[in-house]
1. Can you give me the number of residues within region 32-63 that are within 20 Å of ARG102 (Cα to Cα) and in contact with a Leu (Cβ under 7 Å, 6 or more places away or on another chain)?
2. What do you reckon, is ALA63 more than 14 Å from the chain's Cα centre (by Cα) and either part of a helix (DSSP H, G or I) or surrounded by 20 or more Cβ atoms within 10 Å (Cβ to Cβ) (or both)?
3. Identify, from the list ALA98, ALA77, ALA87, the residue that is surrounded by fewer than 16 Cβ atoms within 10 Å (Cβ to Cβ) and under 17 Å from VAL33 (Cα atoms).
4. What do you reckon, is ASP9 within 30 Å of ARG127 (Cβ to Cβ), at pLDDT 95 or above and exposed (fewer than 15 other Cβ atoms within 10 Å of the Cβ)?
5. Considering only region 17-31, how many residues are without any contact (Cβ under 8 Å) to a residue 60 or more places away in the chain and not in a helix (DSSP H, G or I)?
6. Find all pairs meeting these conditions: Cβ atoms under 9 angstrom apart; at least six residues apart or on different chains; first residue within region 1-16 and over 13 Å from THR57 (Cβ atoms) and charged (D, E, K, R); second residue modelled with pLDDT of 95 or more and crowded, with 16+ Cβ neighbours inside 10 Å.
7. Return the pairs, sorted by first residue and then second, in which the second residue is in a loop (DSSP other than H, G, I, E, B) and small (Gly, Ala, Ser), the first residue lies in region 34-48 and is closer than 11 Å to ILE92 by Cβ, the beta carbons are less than 7 Å apart, and the residues are 6+ apart or on different chains.
Amino acid sequence: MSVRVQGEDFDAGAEIARLRRGNAKIGAIAAFVGVVRDVNDGDPVAGMTLEHYPGMTERAIEAIVAQARLRWRILDALVIHRVGKLAPADQIVLVVVAATHRGEAFAACEFLMDYLKTRAPFWKKERTPGGSRWVDARASDDEAAARWEPVGR
């Protein structure tokens, strides 16, 4: 299991190849790549800046990965999240999950992404023609994450 928070771009294909290299138990790989959009809430976006607390952010993501390992039988996982200044079409996040079967890989990958959106300590500031603005949490992201919570909580 690996978590990296970095300013540099990543090569999703190379990262997936590295994760699965030499492990014949892997029967499925599920991956998600998030990309910076050029429009948000109907406004053009020239770019964004992502901020985080080094150390704290990695520990929070590691805890999310640990939760996924408790819920599903996954063999390996990788989360790379970029920080710093990003432009539209730049890659922002990579989540890769390896499992014996596709159902486990798909579910764990989706869970990881839903929890990253709502529980990982990142702050996003968009640059728009009207100036810079902080990006607020979305109710739809909270709803997506809530479906993973046990009933009655």
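The values are calculated or read from the model by the stated rules, or taken from the named source; none is laboratory data. Values in this document were obtained by computation on a predicted structure and should not be read as measured data. Using ideal geometry, Cβ is built from the backbone for each residue, glycine included, and neighbour counts are taken over all protein chains shown.
1. 1
2. Criteria not met by ALA63.
3. ALA87
4. In short, yes.
5. Qualifying residue count, region 17-31: 3.
6. GLU8/ARG82; ASP9/ARG82; ASP9/GLN91; GLU15/ALA31; GLU15/LEU78; GLU15/ILE80; GLU15/LEU94; GLU15/VAL96
7. Matching pairs, first to second residue: VAL35/ALA89; VAL36/ALA87; VAL36/ALA89.
A quick yes/no check of all residues on (1) modelled with pLDDT under 95; (2) in a helix (DSSP H, G or I); (3) more than 20 Å from GLU15 (Cα to Cα):
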| residue | (1), (2), (3) |
| --- | --- |
| GLU58 | no, yes, no |
| ILE80 | no, no, no |
| LEU94 | no, no, no |
| ALA137 | yes, no, yes |
| VAL151 | yes, no, yes |
